[in-house]
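See below for the structure under consideration.
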Amino acid sequence: MSTIDATTGQSAAPRAATGTQFTLRRGDATAIITSLAAGLRAYDKSGVALVESYRLEEIAPGAAGITLAPFANRIDGGRWELEGHTQQMDITEVDRNNAIHGLLRNTGYHALDVSETHVLLEAVIHPQHGYPFLMRHQVRYCLDADGNLRTAQTLINDSSRKAPFVLGAHPYFTLGDVPAQELTLTVHAATRLVANERMIPTSTQAVAGRFDLRAGRPVRDSLMDTAFTDLVTDHGVARHTLSAPDGRSVSLWHDSSVDYVHVYVTSIFPGRTLAVALEPMTGPANAFNSGQGLRWLAPGERFTMNWGVDSVL
């Protein structure tokens, strides 16, 4: 696929493994959005990279930057019950026997609207194994007047009956050339979800010890793959932050449609000693079975979650 510059509307080589690349620019900020999975491949401001990126010839490592619909994270064994009938999704996390990261990870979105500062993408979720509904997922990325990134994900039910869903996204955050192990992570959440060895939640606990990130903890001491809830909001907005010793910071923000944030601090992201994903989600893993955070859309209805990235540089 070609690269499209939203400034000029011109396409150019080289071809990219993640499809068409939409480059947004505003002031000193630049974001690159992929048609594959409506992903965020790059975002920088004042010359400082704020999300982990990857090469044109690669697909997103560790699901970096992809959007998630109609479910986020995992479904246990890919199975759930609908009106007394067992639904079986394709198993996409083979080593743990789960369905993972929604049904659009390998789908190319098409552009409904493109400008220098924003792009609106859409993909169809066709009725398929384990999900017998016709849905549309729209993702709008925009650089605001300050160069901050704003994202709106909208799910639309084109089916003749109500459909369950969880929306999410999977960005990894960075702060220029500061190694992640030198950053401090702050997540304003009072409760964590305890998961089994297959990453399926089994209970909840009040945060404590290394899982209490409310006052900030060093990333180097925070290896985890954990969902949090009971999020603190200010005027309907929650914010979770990576801070550098020099006072710079980058934050994931989201509105009150997002009740969960999954924190993934990993040592296996390519080329990094540590990498940090902060994943906004309307519901947790296995919501189709637990009902926790699960929402339903009636025919013709739509639902939107809003999130974005801002920074102090």
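Every residue in segment 127-136 that is touching a residue at least 24 places away in the same chain (Cβ under 8 Å), under 16 Å from L167 (Cα atoms), open to solvent by 20 Å² or more (accessible area, probe 1.4 Å) and not hydrophobic (A, V, I, L, M, F, W, C), please.
Residues satisfying the conditions do not exist here.
Could you list all residues from segment 267-313 that are among the hydroxyl-bearing types (S, T, Y) and open to solvent by less than 10 Å² (accessible area, probe 1.4 Å)? Before you say what the answer is, go through the steps one by one.
Pass one, segment 267-313, residues among the hydroxyl-bearing types (S, T, Y): 267, 273, 282, 290, 304, 311.
Within segment 267-313, just T282 meets the criteria.
Out of V124, V139, V119, V166, I need the residue that is of a type in the set (A, V, I, L, M) and surrounded by fewer than 19 Cβ atoms within 10 Å (Cβ to Cβ). Which one? Show your work before the answer.
Details: V139 fails: surrounded by fewer than 19 Cβ atoms within 10 Å (Cβ to Cβ); V119 fails: surrounded by fewer than 19 Cβ atoms within 10 Å (Cβ to Cβ); V166 fails: surrounded by fewer than 19 Cβ atoms within 10 Å (Cβ to Cβ).
One residue alone meets the criteria, V124.
If you go through segment 48-75, how many residues are over 19 Å from D259 (Cα atoms) and in contact with a helix residue (DSSP H, G or I) (Cβ under 6 Å, 6 or more places away or on another chain)?
Summing the residues that are over 19 Å from D259 (Cα atoms) and in contact with a helix residue (DSSP H, G or I) (Cβ under 6 Å, 6 or more places away or on another chain) in segment 48-75 gives 1.
Among the residues of segment 29-83, write down those that are more than 17 Å from the chain's Cα centre (by Cα), part of a strand (DSSP E or B) and closer than 22 Å to F133 by Cβ.
In the first step, residues of segment 29-83 are kept if they are more than 17 Å from the chain's Cα centre (by Cα); the result is 29-30, 44-49, 55-58, 76-83.
Next cut, part of a strand (DSSP E or B) only: 29-30, 44-45, 48-49, 76, 79-82.
Scanning segment 29-83 gives D76, R79, W80, E81, L82.
Can you tell me which residue within segment 101-116, out of those that are assigned to a strand (DSSP E or B) and touching a Gly at 6+ places or on another chain (Cβ under 9 Å), is surrounded by the most Cβ atoms within 10 Å (Cβ to Cβ)? Write out each step before concluding.
Pass one, segment 101-116, residues assigned to a strand (DSSP E or B): 108, 110-114.
From the residues that got through so far, the ones that are touching a Gly at 6+ places or on another chain (Cβ under 9 Å) too are 108, 114.
Working: G108: 16, V114: 18.
Ranking the qualifying residues of segment 101-116, first place goes to V114.
Quick one: in segment 182-213, of everything that is within 21 Å of the chain's Cα centre (by Cα) and of a type in the set (K, R), which residue is most open to solvent (accessible area, probe 1.4 Å)?
Filtering segment 182-213 for residues that are within 21 Å of the chain's Cα centre (by Cα) and of a type in the set (K, R), the one most open to solvent (accessible area, probe 1.4 Å) comes out as R198.
Here are some residues: A238, A244. Which one is in contact (Cβ under 8 Å) with a residue 12 or more places away in the chain and touching a His at 6+ places or on another chain (Cβ under 6 Å)? Before the answer, list the steps.
Values: A244 fails: touching a His at 6+ places or on another chain (Cβ under 6 Å).
The unique qualifying residue is A238.
Does R96 satisfy the condition of being surrounded by fewer than 21 Cβ atoms within 10 Å (Cβ to Cβ) and basic (K, R)?
Values: surrounded by fewer than 21 Cβ atoms within 10 Å (Cβ to Cβ): yes; basic (K, R): yes.
The answer is yes for R96.
Which of the residues belonging to segment 1-28 are assigned to a strand (DSSP E or B) and either at pLDDT below 95 or under 17 Å from G65 (Cα atoms) (or both)? Let's see the steps before the verdict.
Just the residues of segment 1-28 that are assigned to a strand (DSSP E or B), to begin with: 3-5, 11-12, 21-26.
Once the filter is applied, which keeps residues that are assigned to a strand (DSSP E or B) and either at pLDDT below 95 or under 17 Å from G65 (Cα atoms) (or both), segment 1-28 yields T3, I4, D5, S11, A12, Q21, F22, T23, L24.
With the requirement that a residue be more than 16 Å from the chain's Cα centre (by Cα), of a type in the set (S, T, N, Q) and open to solvent by less than 20 Å² (accessible area, probe 1.4 Å), what does segment 230-265 give you? Even if it seems obvious, please write down each step before you answer.
Within segment 230-265, the subset more than 16 Å from the chain's Cα centre (by Cα) is 230-237, 242-249.
With the extra rule that they be of a type in the set (S, T, N, Q), the set shrinks to 233, 243, 249.
Result: S249, single match.
Would you mention how many residues in segment 139-179 are within 27 Å of W296 (Cβ to Cβ) and more than 14 Å from the chain's Cα centre (by Cα)? Give the derivation first.
Within segment 139-179, the first condition is being within 27 Å of W296 (Cβ to Cβ), and the residues that meet it are 139-141, 150-171.
After this cut, where a residue has to be more than 14 Å from the chain's Cα centre (by Cα) as well, the list is 155-165.
Counting residues in segment 139-179 that are within 27 Å of W296 (Cβ to Cβ) and more than 14 Å from the chain's Cα centre (by Cα) gives 11.
The values are calculated or read from the model by the stated rules, or taken from the named source; none is laboratory data. Worth saying up front: this structure is predicted, and the values here are computed from it rather than measured. Every residue, glycine as well, gets a Cβ built from its backbone with ideal geometry; the counts of neighbours run over all protein chains shown. Protein only, heavy atoms only, side chains kept; ligands, DNA and RNA dropped before computing areas. Shrake-Rupley method; radii C 1.70, N 1.55, O 1.52, S 1.80 Å.
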